[in-house]
Each structure stands twice: as C-alpha cells, then as structure tokens.
C-alpha cells in the first residue's frame, strides 16, 4: 500500500511539473535528452575511442560560438593562462585573434612582437598551426596550439585577402612585453603618439607623452595613431577620448537588461588645448580603438585617416563557473555618440588611404598613410 501511495505521489508530481512547463521549455528538455542520446551513440559507435570530457567541452564551446565570434568557453587551464597573460608580459606570438567561419582570424598583430616582425597582418586567416588543420577546433584549442615555451618555433599557414596561394610563416615564440605608447616630434612640429593597446596604464602614458610633447611650444598639431590596436579596457578608451573632448557623450552600451544600459560623457578640459588632431586607423583597429576614433569623429574633434576599422563593437564579460573555468559572454554592444553601432561595421575614415606597407615605425619611408597625414597637416 505504501509503495502504491509513493508511486502515485511521484506520478502526480511529474504530471503537475509537466503541466507547469510551456511548450518551449518541454522542447528544451527533449533536446537535452537528444544530446545525451547522441553522446551515448558516439561513445559506443564512433570509429575511434573518444574523450567524453573533451567532447563535452567542445559542445559547450560550440554553443557559445554559435552566438558570436567573441563568446567562448574557457576551461580552468585556459582561464589560468588568460589571467597570466593579462599581466602584460607573457610568452607567445603577439597577436589578437578571434574565430570566424571555423578558422582563426587575426584581429591585429601587436607592434614589435614575433607576429608583426614575421609579417602577419590584420584580417589574415590562420588555417593550419604546425600543419594541423584549424577547421573544426574551438578558438581555445587553436590558441592552445599556438602556445609554447619561449624560444620554440611554430609554423602558421595563412590565407590572406588578395593572395591566391596560402602563405607560410615560421615564427619563434618570445616573451611579449607590451609597451603601449610611443611618441615623437615629426617635421613641422607635429606631435606624434602611437597607442598599440588599451591596458591599465595607457591613459597615464598618453597624458605624460602629451605633456612631454607640449614642452615644445611650437607644436601645432597632434597625430594619434591607432592602427593595428586591437583594443583593451573600456575604461581606458573613455578616459583617452575624454582627454581630447570638452563635453558630450563618448560612448554608450546597450544590453538585454535595460537597467544595465549605460552612457559615458566627457568632462571639460582638452589636454591639447584644442590643437588640430588627426587620428589614424586601419582594419586592425578594433574595440576600444573604434570607440576613441568614433567619438572623436562624431564630435568633429579629429580628422580620421586610413582604412575602415575592424568592427568589434561588443562587450564581453568573464563569468566564473563551478568547475573553476569560465565563459566569455557578450553582454552588451557599444554605440557611438551618433547612435550608430560599431559591430560588424566599424568606423569609416573621413579620408580613406589604403595601406601600401605594414611598417608603422615612426618616420618610416614605407608608411604611405603617415606620410599623407603629415602632408595634410602641413597644408
């Protein structure tokens, strides 16, 4: 009698539970059951024995990457490596990458790193790593293949826009030390500042370099070079934009939850005292670089010269998981003062000058974009 009563309670509980679910929720539970069935079939029938844990990681990552190229799963190991790298010094190649169409896409090579010295360019697609096909691997798996001990070599096979044949690059891994700001006085008293990333100290470095350049009282214009700058901290993009603006909106973010929508505004005080400002961008200018260039363009504070920027206009948050891993999840999108989104569109320059060389060293004869910018400012 007790057994019948217990079964009746279980039956009624299931009945009421099922009736409390809507059709969409029931469908989700069916899909979860289907996933379990597929995993079981693979484990029993696939030609080779599989690592079920790795398969589950790949499935989780596949779910996240179906949302956009920037959302991803990070295992505890990958998360630990990422946290080490954000300290500003790490062993590697010196490239910012994302996943697109199943292969690794170079957002930007960082100045003076093995990748930039070897000749990798923004927009390159890495299709093989040490002769291992990238297709079918997650972004985390591909990045893991590119990691290695300092001094060890790696071979990358790359597809590049405009090139019919694949390109091969043999690169030696190095300790990557990111020095984000360089400056110099160019001909006819133009103050040149190159910013290669937006890290914790970038705004302080920019301010110091501007003050240093201003000691030359003949300075009449400034160039802010953001080419091949893959971005970084939003807070730094806001602070650096504010340096050159007296008022107005800098950027806004919009998320699924309206309560989390935010806007940032400039405070009075232009550290250049209103001097002419020219900003240089290219396809390797992404994220925080696009916020700065877009804000200064929308407020007509700067002339934007170069190529259309990358188009990464989304905010990712690192959300911890119980297994000590995390997910990188897109939680909001950036919008410029004009109300336009940067995502997949980028910032269009006021004057478009296609890049003819990839040497961005100050006073380089092969840098046609910088040469044009100097001529423009000299009238």
Discussion item. Can you tell me how segment 214-273 classifies by the Cα gyration tensor, rounded, prolate or oblate, using a/c under 1.5 as the rounded cut?
Written reply: oblate
Worksheet item: Taking Cα centroids, how far is segment 153-167 from segment 106-152 in Å?
Response: 11 Å
Item to complete: Between 327, 190, 319, find the one with the highest GNM mean-square fluctuation for the chain; connect C-alpha pairs within less than 10 Å.
Response: 319
Worksheet item: Between residue 375 and residue 235, what FRET efficiency follows from the Cβ-Cβ distance if R0 is 41 Å, with the result rounded to 0.05?
Response: 0.70
Practice prompt. Classify the chain as rounded, prolate or oblate, taking a ≥ b ≥ c as the square roots of the eigenvalues of its Cα gyration tensor: rounded when a/c is under 1.5, otherwise prolate if a/b is larger than b/c and oblate if not.
Written response: prolate
Discussion item. Show log10 I(q)/I(0) for segment 181-377 at q = 0.13, 0.15, 0.17 Å⁻¹, two decimals, from a solvent-free Debye sum over equal Cα scatterers.
Written reply: -0.67, -0.87, -1.10
Worksheet item: What residue among 47, 210, 181 shows peak mean-square fluctuation when the chain is described by a Gaussian network model with Cα springs under 10 Å?
Response: 47
Worksheet item: Can you give the helix-only mean residue ellipticity at 222 nm for the chain, where every DSSP H stretch with n ≥ 4 adds -39500 (n - 2.57) and the sum goes over all residues, rounded to the nearest 500 deg cm²/dmol?
Response: -10000 deg cm²/dmol
Fill in: DSSP bridge pairs, the chain: antiparallel proportion in percent, nearest 5
75 percent
Worksheet item: If eta is 1.567 mPa s and T is 4 °C, what Stokes-Einstein diffusion coefficient results for segment 211-310, Kirkwood Rh from Cα pairs, in µm²/s?
Response: 91 µm²/s
Worksheet item: Tell me, what is the percent relative contact order of the chain, built from C-alpha pairs under 8 Å that lie six or more residues apart?
Response: 13 percent
Worksheet item: Between the helical axis of 2-20 and the dominant principal axis of the chain, each derived from Cα atoms, what acute angle in degrees is found, rounded to the nearest 10?
Response: 30 degrees
Discussion item. Connecting C-alpha atoms closer than 10 Å in a GNM of the chain, tell me which of 217, 344, 49 has the biggest fluctuation.
Written reply: 49
Worksheet item: Gap in Å between the Cα centre of segment 221-263 and the Cα centre of segment 289-328?
Response: 8 Å
Worksheet entry | Angle between the chain longest axis and helix 76-85 axis [Cα atoms, degrees, rounded to 10] | 10 degrees
Fill in: Stretchable slack from residue 348 to residue 135, in nm (0.36 nm times residue separation minus alpha-carbon distance)
73.5 nm
Worksheet entry | Efficiency of FRET between residue 208 and residue 32 - r from beta-carbon atoms, R0 51 angstrom, step 0.05 | 0.40
Worksheet, complete the sentence: Extend 7 Å from the Cα of residue 324 along its Cα-to-C-beta direction; within segment 124-164, residues with backbone N under 19 Å of that point are none
Worksheet item: What is the helix-to-structure angle for 202-214, meaning the angle in degrees between its Cα long axis and the longest Cα principal axis of the chain, kept from 0 to 90 and rounded to the nearest 10?
Response: 0 degrees
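Readers should treat all values here as calculations from the given coordinates under stated rules, not as data from a laboratory. A quick note: this is a predicted structure, and the numbers were derived from the prediction, not measured. Glycine gets a Cβ as well: all are built from the backbone with ideal geometry, and neighbour counts include every protein chain shown.
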